[in-house]
Amino acid sequence: MHVLFLSPGFPAEMPLFVRGLAQVGAKVFGVGDQPAQALPAEAREHLADYLQVRSFDDEAAIAAELRRWLAGRTLDRVECSWERLMYLAANLRAEFGLPGMTPEQTLVVRDKERMKQAVEAAGLRVPRHGRARTQKEAWAVAERVGYPAIVKPIDGAGSQNTFRCNDAQEFQQALEKTRAVPELSVEEFVEGEELTYDTVCADGRILFEDVSWYKPKPMILAQNAWISMQNIVLKDIHAELPRPGVLLGRQVLKALGFQSGFTHMEWFRTASGEAVFGEIGGRPPGARLVHAMNYAYDLDLFKGWAEAVCYGRLSQDTSPKYNASMVFKRAQGPGEVVTEHRGLRELLARYGRHIATIELTPVGEHKKDWRKVVVGDGWIVVRHADLATTLEMSEAFVRDLTVVAG
Ligand SMILES: Nc1ncnc2c1ncn2[C@@H]1O[C@H](COP(=O)(O)OP(=O)(O)O)[C@@H](O)[C@H]1O
Ligand SMILES: [Mg+2]
């Protein structure tokens, strides 16, 4: 099995997918825009070969360079776990005549309008929505959608340039703030809890599925520096809270005709218990969520994904073992350098056995820019078979741990 993997060294989790592929016996050929020496060791060790391209933007040049570099070596797959390069991956598959997501299938997991149209056409619940390339179009959609509305880029990420608008005046302000965004998605704002539905699929079959629960919603997180976010991978996906999203998610995958690889869907659960589609990516979730899933299910989904895309199966035990809550911390205080992990010792003493991982910006180091680094100044995963106990521990890390930048 020869796999071409795009950008094996960046973002942070890519080397783990490379490792997974190598572990299931694939020969991995990496293509990236960093020099080979700059690759993280984990990626370098598991690559059979690496090609540095000048830029990912010139697709024609990449295809030509690839042909020269491969020099007769054949490929079985092109894989990419980074949102930004998914179109490139699809175009390369078309160019080399390889299986996997086509450009058209990629569009419905990248373009927030196209995905909602496809999901809606299957009779599933999506927010009222519309595409807007101009202010005039935006106002026309807002009229139809009503308030509160949401304004966001059609292919955004990380809740950037995403605004809730309670009335026409706020809508006007949001349009001003998003002037630089070429195309917007304007939607009905859906009140409720926000959760994910993630899978690993092979040939249209779901081999693994999970639900995680965002507290608070990512948009709130992106707008408030002081918040410690929790993302809880739920052990029982058939419990009342996650269940509607599992049913919705399975139907969404069918509606989109999704075949192989990771999927990451976000959905809202309204007060009445209805599941409303949010968005879907045909790629793994970011922000360490795959790690949290691994801790909840006690397996290695980097490897599981690799096995699924290469051989159409996932042979690890996929039964859930724990609820796993991941907490992100952001340094607090006026300083630039971390001076203290306040409350840490007590928390370790109290919950040590249930902490799956903990990584904080060390004392003496510069604090991170939380707008750029989603995990901020630390991430912690606590896990327990009982959900209430998990939530209690998780809340304790939110409340009683402060990464201080004095
Ligand atoms: N229709 C909506 N109703 C309520 N909240 C929304 C809606 N659309 C987006 N949001 C909020 O904005 C966040 C970012 O939007 P999303 O479509 O997930 O884009 P991305 O994650 O690619 O930035 C969501 O996680 C959610 O918190
Ligand atoms: Mg999102």
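Nothing in this text is a laboratory measurement; each read-out follows from the coordinates by a stated rule. Because the structure is a prediction, the values reported are computed rather than measured. Glycine also receives a Cβ, built like all others from the backbone with ideal geometry; neighbour counts cover every protein chain displayed.
From the Cα gyration tensor of segment 128-188, with a ≥ b ≥ c the square roots of its eigenvalues, which class applies: rounded if a/c is under 1.5, or else prolate if a/b is larger than b/c, or else oblate?
Verdict is rounded for segment 128-188.
How much of the DSSP bridge set in the chain is antiparallel, in percent, rounded to the nearest 5?
80 percent
Find how many whole Å separate the alpha carbon centroid of segment 318-360 from the alpha carbon centroid of segment 120-175.
36 Å
In the P(r) worked out for segment 1-72, what percent of Cα pairs fall beyond 14 Å?
In whole percent, the long-distance tail amounts to 54.
Hey, if you put +1 on the Cβ of every Lys and Arg and -1 on every Asp and Glu Cβ in the chain, which of 20, 258, 74 ends up farthest toward the positive end of that dipole?
Positive-end residue among those listed: 74.
Which distance in nm do the two modelled labels at residue 359 and residue 2 give, with both placed 7 Å along the Cα-to-Cβ direction?
In this crude label model, residue 359 to residue 2 measures out at 3.3 nm.
Please list, or write none, the aspartates and glutamates whose alpha carbon is within less than 12 Å of the alpha carbon of residue 215, excluding same-chain residues fewer than 8 places away.
193, 194, 395
Gain in length, residue 139 to residue 225, computed as 0.36 nm per residue apart minus the alpha-carbon separation, to one decimal in nm?
Details: separation 86, 0.36 × 86 = 30.96 nm, distance 3.07 nm.
Taking residue 139 through residue 225 to full extension adds about 27.9 nm, to one decimal.
How much length is gained if the chain between residue 251 and residue 311 is pulled fully straight, taking 0.36 nm per residue apart and subtracting their Cα-Cα distance, in nm to one decimal?
This chain segment gains 19.2 nm when fully extended.
Looking at 285, 308, 249, which one has the Cα that reaches farthest to the positive end of the dipole of segment 222-314 (charges on Cβ: Lys, Arg +1; Asp, Glu -1)?
The residue sitting farthest along the positive end of the dipole is 308.
I need the peptides 276-283, 395-402 ranked by packing, meaning the mean over residues of other C-beta atoms within 10 angstrom, with the highest value on top.
Details: 276-283: 22.8, 395-402: 17.1.
Highest-to-lowest ranking by the protection proxy: 276-283, 395-402.
So, with +1 on the Cβ of K and R and -1 on the Cβ of D and E, and no other charges, what is the size of the charge dipole of segment 206-247 about its Cα centre, to the nearest 20 debye?
The calculated dipole for segment 206-247 is roughly 160 debye.
Take the alpha-carbon centre of segment 232-304, take the same for segment 1-68, and report the distance between them in whole Å.
27 Å
Sort 265-273, 245-253, 344-352 by the packing proxy (mean of other Cβ within 10 Å over each peptide's residues), most packed first.
Working: 265-273: 17.4, 245-253: 20.8, 344-352: 13.3.
Ranking, from highest mean packing down: 245-253, 265-273, 344-352.
With r as the distance between the Cβ atoms of residue 340 and residue 36 and R0 = 51 Å, compute the FRET efficiency 1/(1 + (r/R0)^6) and round to 0.05.
Using R0 = 51 Å, I get an efficiency of 0.80.
Would you mind computing Rg(Cα) / (2.2 N^0.38 Å) for segment 108-222, counting N as its residues?
1.14
Magnitude of the Cβ-charge dipole of the chain, K/R +1 and D/E -1, about the Cα centre, nearest 20 debye?
It comes to approximately 180 debye.
Take every Cα pair under 8 Å in the chain that's 6+ residues apart, average their separations, divide by the length, and report that relative contact order as a whole percent.
Numbers: 846 pairs, mean separation 53.9, N = 406.
Computed over the chain, the figure is 13 percent.
Considering the options 121, 87, 34, tell which one lies farthest towards the positive end of the dipole of the chain, charges being +1 on Lys and Arg and -1 on Asp and Glu at the Cβ, about the Cα centre.
Of 121, 87, 34, it is 34.
Cβ neighbours within 10 Å, averaged per peptide: list 199-209, 302-312 in order, most packed at the top.
Ranking, from highest mean packing down: 302-312, 199-209.
For residue 272 and residue 102, what is the calculated FRET efficiency with R₀ set at 41 Å and r taken between the beta-carbons, to the nearest 0.05?
Between residue 272 and residue 102 the formula returns 0.65.
Rounding to the nearest 20 debye, state how big the charge dipole of segment 128-188 is about its Cα centre with +1 on each Lys and Arg Cβ and -1 on each Asp and Glu Cβ. Write out the running numbers ahead of the final one.
Working: 9 positive and 9 negative charges, 22 e Å.
Around 100 debye, computed over segment 128-188.
If you take all C-alpha pairs in the chain, what percent of them are over 39 Å apart?
Here the long-distance tail beyond 39 Å is 19 percent of all Cα pairs in the chain.
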